[in-house]
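A.B. asks: Structure below; questions to follow.
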Amino acid sequence: MSGWEQTADTAGAVLLLLGAAVSLLGAIGMLRLPDVLSRGHAATNPQSLGMLLVLAGVALRLRSGIDLGTLGLIGFFQLLTGPVAAHLVARVAYRTGHVGREGLLFDELDEQLSGRPPADGEPR
Amino acid sequence: MTLKFRDPELPPLSCAVGHGRVLELPLITWLAVVWVLLWGNLSWANVITGFAVAVVLCLLFPLPSVDLGLRLHPLGIARLVVHLLWDMYTSGLKVSRQMFDSRPYRAAVLAVPLRCRSDLMLTATAVAVSNVPDGSVVEVRRSNATLFVHILEADDPDAADRARRSVWRMEELTVRAFGDRDEIARVSRAPRPEGGGR
């Protein structure tokens with residue numbers, strides 16, 4: 001095994017570990033944050049970053065043309081579909097009133113949906 | 001089978017088949033590429049079956065033919081990708097900090113009116129915004145092109161402004177990557193500071 005292959009393998013392993021750690025962070029965030037909408041933040045942002053890191057790690061280990069294309073396809077579809085799923089969860093959570101125990105500080109969507117004047121700091 | 005490559009009523013690079021059915025060649029090519037990549041093996045058999053499956057799929061499940069108005073600007077795409085990666089990194093850090101912060105925070109839902117109006121740009125911006133800090137899209141209003149984002153730490157007085165600016169910046173990057181000339185002219189103007197009916 002030549003030198004740069006060794007380097008690529010090591011870098012790939014590091015990226016895999018890093019990606020797994022970032023994804024774990026997202027999972028911990030889902031446990032720690034108090035309500036559905038806040039958990040949505042933890043579920044989307046660190047997860048897609050972790051997924052990209054894992055894909056980059058796998059790419060460094062595989063190193064063949066068509067596999068890179070497949071990995072790129074996985075990343076593309078994940079980045080495209082993840083936000084859609086997160087948006088649907090957030091939308092349902094908002095519309096069923098799961099906005100946390102303390103409510104929202106201000107809510108500019110409620111103003112537009114109900115036509116009510118803004119209620120400052122009032123829990124929904 | 002009538003081939004109408006130059007029919008102005010059809011989307012570019014497509015041909016009409018039979019009774020008003022339209023085969024869009026870019027879509028078929030993309031499906032065939034996905035097929036080959038999924039098999040993980042570039043051979044003539046895979047390419048041919050890929051195209052065959054794509055044509056059958058397009059005939060069985062016809063999509064409404066829409067003019068996406070998609071333009072590709074390589075420089076804009078490169079800038080969008082770099083910004084997205086950097087924003088994903090910073091937003092990962094930010095969310096991690098927030099989840100280990102024991103201080104209670106107040107969340108809020110913020111309305112951000114966008115400058116571009118086309119469906120594609122609205123969708124692409126919403127997807128891009130989902131990946132930046134303070135970006136969890138709760139609702140998208142197509143009628144007045146407004147995104148509603150859920151932000152953490154709304155009790156910080158600058159947070160709302162920062163979130164609005166980051167959405168507008170993401171919109172400009174997205175449109176400069178995929179938009180047509182009209183849309184780019186729109187996002188070059190300064191965003192309106194206050195939301196509401198446009």
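The values are calculated or read from the model by the stated rules, or taken from the named source; none is laboratory data. Small disclaimer: the values here were computed from a predicted structure and weren't measured. Positions of Cβ are backbone-derived with ideal geometry, glycine not excepted, and every protein chain shown enters the neighbour counts. These accessible areas exclude ligands, DNA and RNA; they are computed on the full protein's heavy atoms, side chains included. Shrake-Rupley method; radii C 1.70, N 1.55, O 1.52, S 1.80 Å.
A.B. asks: Roll a 1.4 Å probe over the protein heavy atoms and report the accessible area of B:Met88 in Å², nearest 10.
C.D. replies: Its heavy atoms expose roughly 10 Å² to the probe.
A.B. asks: Next question, about the same structure. Give the residue from B:Met170, B:Ala160, B:Val132 lying farthest towards the positive end of the charge dipole for segment B:128-175; charges sit on Cβ (+1 for Lys and Arg, -1 for Asp and Glu) and the dipole is referred to the Cα centre.
C.D. replies: Of the listed residues, the answer is B:Met170.
A.B. asks: What angle do you read, to the nearest 10 degrees and between 0 and 90, between the alpha-carbon axis of helix A:65-95 and the longest principal axis of chain A?
C.D. replies: So the helix axis and the longest Cα principal axis differ by about 10 degrees.
A.B. asks: Going toward the positive end of the dipole of chain A, with +1 on Lys and Arg Cβ and -1 on Asp and Glu Cβ, which of A:Leu73, A:Val22, A:Ala85 do you reach last?
C.D. replies: Checked the options; the winner is A:Leu73.
A.B. asks: With +1 on each Lys and Arg Cβ and -1 on each Asp and Glu Cβ, and nothing else charged, work out how big the dipole of chain A is about its Cα centre, in Debye to the nearest 20.
C.D. replies: Computed about the Cα centre, the dipole is about 300 debye.
A.B. asks: Taking R0 as 41 Å, what's the FRET efficiency between B:Ser143 and B:Tyr89 from their Cβ-Cβ distance, rounded to 0.05?
C.D. replies: My answer for the efficiency is 0.75.
A.B. asks: Taking the 0 to 90 degree range and rounding to the nearest ten, how far is the long axis of helix A:3-32 tilted relative to the main principal axis of chain A, both from C-alpha atoms?
C.D. replies: Helix A:3-32 sits at roughly 20 degrees to that axis.
A.B. asks: In the full protein assembly as shown, how much of B:Leu85 is accessible to a 1.4 Å probe, in Å² to the nearest 10?
C.D. replies: 90
A.B. asks: Could you report the accessible area of B:Ile48 in Å², rounded to 10, computed with a 1.4 Å probe on the protein chains as they sit in the structure?
C.D. replies: Using a 1.4 Å probe on the heavy atoms, I get roughly 110 Å².
A.B. asks: Right, something else. Would you report the distance distribution of C-alpha pairs in segment B:75-151 as whole percents per 10 angstrom bin, up to the bin with the largest distance?
C.D. replies: 17, 43, 31, 9, 0
A.B. asks: Rounded to whole Hz and in sequence order, give me ³J(HN,Hα) for segment B:151-167 from the Karplus expression 6.51 cos²θ - 1.76 cosθ + 1.60, θ = phi - 60°, writing x for Gly and Pro.
C.D. replies: 3J(HN,Hα) across segment B:151-167, in whole Hz: 10, 8, 6, 6, 6, 6, x, 7, 4, 5, 4, 5, 5, 4, 4, 5, 5.
A.B. asks: Okay, moving on. Using heavy-atom solvent-accessible surface (probe 1.4 Å) with all chains present, what is the largest-first order of B:Ser118, B:Ser188?
C.D. replies: From most accessible down to least: B:Ser188, B:Ser118.
A.B. asks: Return the whole-Å distance between the Cα centroid of segment A:22-40 and the Cα centroid of segment B:129-179.
C.D. replies: A separation of 20 Å, based on Cα centres.
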